[in-house]
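The values are calculated or read from the model by the stated rules, or taken from the named source; none is laboratory data. From a predicted model like this one, the values you see are computed outputs, not experimental measurements. Neighbour counts are summed over all protein chains in view; Cβ atoms, including those assigned to glycine, are modelled from backbone coordinates with ideal geometry. With ligands, DNA and RNA removed, areas are computed over all heavy atoms of the protein, side chains included. Shrake-Rupley method; radii C 1.70, N 1.55, O 1.52, S 1.80 Å.
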2 protein chains.
Amino acid sequence: MREPHSFSRLINPRAIAVVGASHDLSRIGGQPLRLLTEFGYRGQVYPVNPKHKEIKGLRCYPNVASVPRPCDVALIALSGAHVTPVVEQCGAAGIPFAVVISSGFSEAGAEGKALQENLLAAVRTAGVRLVGPNCLGVLNVKENIRNGFGGVMRHTFVPGPYAMVTQSGGFGFSVLTTAAYYGVGVNYAISTGNEADVSTLDLTEYFIERDDVQGVFVFMEGVKDGRRLIGLGKRALELGKPIFVWKVGNSDVGRQAAVSHSSRMIAGYELFQAAFRHGGFIEVRETAELLDALKIFRIHRGRMPRSNRTGIVSVSGGAGVLLADRCVEHGLELPPLATTTKDELRTFMAPFASIANPIDATGAGNNDSYASYNRLVSTVLNDPNIDQLIVRIPSSSGTVLAQGLIDVARGSDKPVMVDWPISPGENPVLMQLLEDNGLPCMPSPGRGARALAALNDFARRKRAYDAQLAQPAPRAIAPQALELPKAAATLSERCSKQLLQAYGIPVVAEVLLSGDVIAALEMPPLPFPLAAKIESPQIAHKTEAGAVRLDIRSLDELKTAARDITAAARKFDPNARIEGISVQEMARGLEVIVGAINDPIFGPVVLFGLGGIHTELLKDITHGFAPFDASYAKQMIDGIKGSALLHGFRGSPPLDVEALADTLSRLSLLLADHAERIAEIDINPLFVRTSGQGAVAADALIVLK
Amino acid sequence: MREPHSFSRLINPRAIAVVGASHDLSRIGGQPLRLLTEFGYRGQVYPVNPKHKEIKGLRCYPNVASVPRPCDVALIALSGAHVTPVVEQCGAAGIPFAVVISSGFSEAGAEGKALQENLLAAVRTAGVRLVGPNCLGVLNVKENIRNGFGGVMRHTFVPGPYAMVTQSGGFGFSVLTTAAYYGVGVNYAISTGNEADVSTLDLTEYFIERDDVQGVFVFMEGVKDGRRLIGLGKRALELGKPIFVWKVGNSDVGRQAAVSHSSRMIAGYELFQAAFRHGGFIEVRETAELLDALKIFRIHRGRMPRSNRTGIVSVSGGAGVLLADRCVEHGLELPPLATTTKDELRTFMAPFASIANPIDATGAGNNDSYASYNRLVSTVLNDPNIDQLIVRIPSSSGTVLAQGLIDVARGSDKPVMVDWPISPGENPVLMQLLEDNGLPCMPSPGRGARALAALNDFARRKRAYDAQLAQPAPRAIAPQALELPKAAATLSERCSKQLLQAYGIPVVAEVLLSGDVIAALEMPPLPFPLAAKIESPQIAHKTEAGAVRLDIRSLDELKTAARDITAAARKFDPNARIEGISVQEMARGLEVIVGAINDPIFGPVVLFGLGGIHTELLKDITHGFAPFDASYAKQMIDGIKGSALLHGFRGSPPLDVEALADTLSRLSLLLADHAERIAEIDINPLFVRTSGQGAVAADALIVLK
């Protein structure tokens, strides 16, 4: 774990110089002065503008050099061309941070890009860390510091144990105002703008380590370093602090817009999703989803579910059914209640109540001041089959029900969530009472189930991470020296397979024979059925050249095939050097595709999927970041929708998932050990045989860079 | 179109008898008296209870017979066993409607079921229409009539041009209270309970015809008559009034709970979804989604989009990107702007603004009192490539921006939606101003895009429906008389194919030969490669019997195959009558599966999907309600995820979708014409050849009932 750069003086500065300060408080250079003087900031504010002696009752300084020390941040509101010299002056004046809210940099064409490059050079020379340009600024809700501009900065915010890092200032801060309305608090928020210097990753890395931050919300279009993102995901699991991430720019149209908006490269969304799934991230796609997740994690942080086994208690059959639908959809399990629980419930519940899971207490649950409803909740909460509970309460619920529920929930260490169909403005006092006492309230079954599922996802991944830390798996094979051509090249099938074999990946039996030898054969070189393929360094895509024959069943067919293939190859490329015919056993089993790429953002990545339209059309592919072990590979395998096919689908015997996982892991080691040379690997197809019979590569292609 | 039963006296009764009226106003027999006297009901209320002379200042009647006429509704709050006689008395007393809020009927075991059957018999005899039992009652918000019980009935409701029919009273009414909080109005709401008599479909059919109802919201677990549901969907399109439907009980766990909650049979969710997709339904799955849809349909009812081509205008790059992502995800199209539009925009927009679609006006859009932003909106609204517009406005927006936007939008007949990241409580006056002037406000990009997509889906289906009405397609083939065995039977492949041929569905060439004839063959009976299959009325599943050989390439192989198949068939069933070996051409093309079932709820249904795991594991199947024409079949074909495979995937030639659609349509006619006899049809596989080459059934199985 690298030591994160400290940004504590950025978010909590003793003094702020506002460079380009304006008398007109509605302008970009004037707004920060209002925000810094009217909302409770207790540090010093130094307007900088050579044209004025004083602005808004504050002494105005002619330049950065003349500002009293210590000054921790320069907020720069000058037009683009004037920013760079000021950053240089900040370095000389010992101001460690600059926040540049001006625009007209990399987001504005070639000229702006050049301007930003100069700015970055100045930043490096001056030893200053710079936020922006083209950002809205830095918000410290806890200490009432609103160091930026924009109408959204004047809103009401609520402090709380989260930090936000946003690549879109406008969108991010608008989410914060909604969060405040829902009572969800955030201590710190930074708009990163063009990220010339300080990046989303820098800030997330910093915030996640802070004691007053229990989680970080990141609104992102992309990052430059996928491996650092993955590292952050691990750290999040280690600390038990989730990173809530909202990734945009994922559709083709959206991506183009994102590229025009920021200048960084956008990696495929699927790789981001893989990174999120493998680490301590909670991916959100909607404001409400984010706020619900922030709420449930804040309240249940110290009470994580031990498993996803969920009980549902309701006074409305319809709500119970809907909760059940949504829980199942989100991967929560609804086990049957223990017999002892059912027996106890029968002693006091209405005869027409439904004692299953979901449990429908019916309208009778509303009677007797909820005494029996509370007893029901308590009984189910004690059920050994149940590790968490959702309790539906009527919209008209009052203090009696709430207090009873609080008392019952206090007697258990299992998380309880309340499905209460009201909006936050309707009964804020009662909602506060419930939530202050450990009972997060969710306004609809769908939202509640999704939030609870997020909590369970994180808990499950943390358990797995901790278990893996305790018992790390050894490498499947030590790094192997490989003899590779010095230059970029597409290796032949034969060479490619030899490299796979060097890492212990099984390939089909094959012999390389000349056309003449085949013509003279009296016995098959390997048992039928066979495949025959041209072997030529110039012909990488043999099928396209018509130089492959499959399912050869006799010596005659083999001889014909050899002649045809040679002729086709000569026709395809008259200058190709033909080294012979590769005669191979026809492997059997389930065809899968295993690939590997070296992604510019995420580095070496292994891909897995079923062949044909499953990968190309239906995009049913999973991704793993190399290197990885076999248990990680198994997660990858089970990540595809078609994975049931491997586990004995519809009465067919289960396939050798162990061997497949081993192959994936070995391929990840091959790629990771030689990432500086290997650009791509394709194993297409790999045949997976029935359990215990292994997996074998029938064709392979390695591209060197 | 059947004439819907009129429920106008049910929802707007001149007088209501409360049978089982109680002095204790907190009890189930007392609550209705408060609800009917304290919330503005202007009709008469007649408590019925032989024990009292007066309750709450109202004269109390000893029985239903003594209640003054006219009385339109009897609200019955008696315990289960006492309900039936009262319903009989209602008939005698000329009371046309009974609303039974008591429980303990079909939801409560065998005894309750019997009670409900008696009740239904009484209903039929008495000529009374009955709502419930086990329901919450009937709500008429427009006329302040709260004819039911439950805490939720005391809430604030807002009138508006919608009606709600809910199978879960508790859940449905809780949604209504949230709707009221969001300012979404509903005139009528009925909880249907066990639906012993009056069903969800009866009421929806009635409400959709009312002039003061622009759409109906239905919360359902299931219906008994799928065809009537489909008919309602057609009527909804005809009237241009959507049916918003929230279907629950779709997961296995949820379905079990639903079955225990209501007694009706639950059809597969996928058939409901097909019904929804083919008619004027908007399926919703979340309270917010419903309310957003109700809002956008109410405001844009007279201004439906002409196509799904959408423009996005934003002052926040991040919000624009997110809107773009979500629009694309929901099937909205973001076309490039016309050149003339771009040219005009360049004359007044900031140089660093992004003039694409989404259009990012940047923070500059907030300047000049929004004059340029309004000009931007107006310019894009006039773009011929754009049929509707999403305008993002900052959370801090005020009257100036709103009024400008209203003026601009008024100048166009294209729908405009506002993405405004605030909650309803934050600025209700401005939101009301915008919405009263035709600009629905959505609180987040995701919710806005989904609501707009719902509007577009409905508009598209209505266009298609109207076009089809104007030019109905003729039947592909007239009804054919078929010679079918009298009894239930599984027909042989040969017989099954003959029936397909009778409806003009092509099947592969085949000859039926005896084993002896094959043994003596000197020439192949059909060109190689061939398939050979046992022909025996006793062996329906030939592959399982080992009695099929494929890809036979020589006479020797054919003879061996015939011997092996015969032996395998004899071993499988020594008593099977072997009628010969069917020798068939091996068809080529894309393998698809076409099936047909006779569903107990939805009747004759045709299924289509790719073979193998696509149908069985990935559930990539579409459903069509027979009979249908080829254009409907094409929608079915394009409904599967893998449909790109048929249209020339990755450079392969496009396949004969016309022939496939024709086959589906003919199969639907075969099934519909003979639905009283045919239980199931399987064509597995059907081979679809390249465009112009047709499609051909290689195997078929028909099950008669």
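What to note about this one:
- Using alpha-carbon coordinates, inclination of helix B:252-261 to the longest axis of chain B, degrees: 50
- Residues of the range B:585-603 with amide N under 14 Å of the 7 Å Cα→Cβ point at residue B:652: B:588-593
- Ranking A:22, A:582 by solvent-accessible area of protein heavy atoms (1.4 Å probe, all protein chains present), from largest to smallest, gives A:22, A:582.
- Ligands, DNA and RNA aside, residue A:632 has an accessible area near 40 Å² when probed at 1.4 Å.
- The length gained by stretching the chain between residue A:65 and residue A:433 to full extension, at 0.36 nm per residue less their Cα-Cα distance, is 127.2 nm.
- Share antiparallel - DSSP beta bridges, chain B, percent rounded to 5: 55
- For residue B:586, solvent-accessible area (1.4 Å; no DNA, RNA or ligand), Å²: 50
- Accessible surface of the protein assembly as shown, 1.4 Å probe: 51 percent of it comes from carbon and sulfur atoms.
- Shape call, the range A:97-144: gyration tensor on alpha carbons, a/c limit 1.5: oblate
- Computed on the range B:8-213, the Cα convex hull volume stands at 104 Å³ per residue.
- Considering only alpha-carbon pairs that sit under 8 angstrom and 6 or more positions apart, the relative contact order computed for chain B is 8 percent.
- Taking Lys and Arg as +1 and Asp and Glu as -1, the other residues whose beta-carbon sits under 14 Å from that of residue B:31 total +3.
- Dipole of chain B, positive end: most advanced residue of B:618, B:22, B:652 [Cβ charges, Cα centre]: B:22
- Distances between copies of residue B:675, taken at a point 7 Å out from Cα along the Cα→Cβ vector and listed shortest first: 6.1 nm.
- 22 Å Cα-Cα reach of residue B:705 towards lysines, excluding residues that sit fewer than 8 places from it in its own chain: B:224, B:486, B:497, B:542
- Fraction of beta bridges assigned by DSSP in the range B:305-468 that are antiparallel (%, nearest 5): 5
- Across the protein assembly as shown, the fraction of Cα-Cα pairs farther apart than 63 Å, rounded to a whole number, is 21%.
- Förster radius 22 Å - calculated FRET efficiency between residue B:480 and residue B:705, Cβ distance, rounded to 0.05: 0.70
- Taking a ≥ b ≥ c as the square roots of the eigenvalues of the Cα gyration tensor, an a/c ratio of 1.5 or more together with a/b no larger than b/c marks the range B:305-468 as oblate.
- Here the Kirkwood formula, the inverse mean of 1/r across different C-alpha pairs, assigns the range A:509-585 a hydrodynamic radius of 12.1 Å.
- Only helices enter the 222 nm calculation for the protein assembly as shown: every DSSP H run of n ≥ 4 contributes -39,500 (n - 2.57), and dividing by all residues gives -11000 deg cm²/dmol, rounded to 500.
- Most to least accessible of B:166, B:84 (protein chains only, probe 1.4 Å): B:84, B:166
- Proximal aspartates and glutamates to residue B:56, defined as alpha-carbon separation beneath 19 angstrom and excluding residues fewer than eight positions away on the same chain: B:24, B:38
- Test item: Cα-centred dipole of the protein assembly as shown, Lys/Arg +1 and Asp/Glu -1 on Cβ, debye: 2980
- Of all DSSP bridge pairs formed entirely within the range B:1-85, close to 15 percent run antiparallel.
- Of all lysines in the structure, those lying under 23 Å Cα to Cα from residue A:414, and not within fewer than 8 positions of it along the same chain, are A:241, A:295, A:342, A:462.
- On Cα atoms only, tilt of A:83-92 relative to the major axis of chain A in degrees: 80
- Teacher prompt: residue A:228 distances to equivalent labels in other copies, 7 Å Cα→Cβ, nm: 6.5
- Computed on protein heavy atoms with a 1.4 Å probe, the accessible areas place A:590, B:10 in the order A:590, B:10, largest first.
- Pairs of C-alpha atoms in the range B:615-658 farther apart than 17 Å represent 40 percent of all such pairs.
- Whole-angstrom gap from the range B:264-331 to the range A:31-52, using each part's C-alpha centre: 46
- Two-decimal log10 I(q)/I(0) for chain A, as the Debye equation yields it once each C-alpha is a single scatterer, q = 0.10 Å⁻¹: -1.04
- With R₀ fixed at 60 Å, the C-beta to C-beta distance from residue B:693 to residue B:6 puts the FRET efficiency at about 0.60.
- The percentage of C-alpha pairs in the range B:148-210 whose separation is greater than 18 Å is 34%.
- Principal-axis tilt of helix A:493-502 within chain A, Cα atoms, nearest 10 degrees: 70
- Annotation: per residue accessible area for the protein assembly as shown equals 38 Å², rounded to a whole number [probe 1.4 Å, protein chains only].
- With Cα atoms defining each centre, the range B:591-627 and the range A:88-145 are spaced 60 Å apart in the structure.
- Rg/Rh for the range A:108-228, where both radii come from Cα atoms and Rh is the Kirkwood radius: 0.99
- Cα-based values for the range B:405-541, radius of gyration first and Dmax second, are 31.7, 93 Å.
- Principal axes of the range A:484-613: Cα extent on each, largest first, Å: 53, 36, 30
- Inter-copy label distances at residue A:693 (7 Å, Cα→Cβ; nm, one decimal): 3.2
- Three-way shape call for the range A:1-117 based on the alpha-carbon gyration tensor, with the a/c threshold at 1.5: oblate
- By a 1.4 Å probe calculation restricted to protein chains, residue A:658 has an accessible surface near 120 Å², given to the nearest 10.
- The label point for residue B:81 and the one for residue B:635, both projected 7 Å from the Cα toward the Cβ, are 5.3 nm apart.
- Spatial separation of Cα centroids for the range A:641-696 and the range B:379-393, in angstrom: 50
- Average silhouette area of the range B:401-457, convex hull of alpha-carbon atoms, in square nanometres: 3.9
- Distance-filtered residues of the range A:527-561 - backbone nitrogen under 16 Å, label point 7 angstrom along residue A:498 Cα→Cβ: A:535-538
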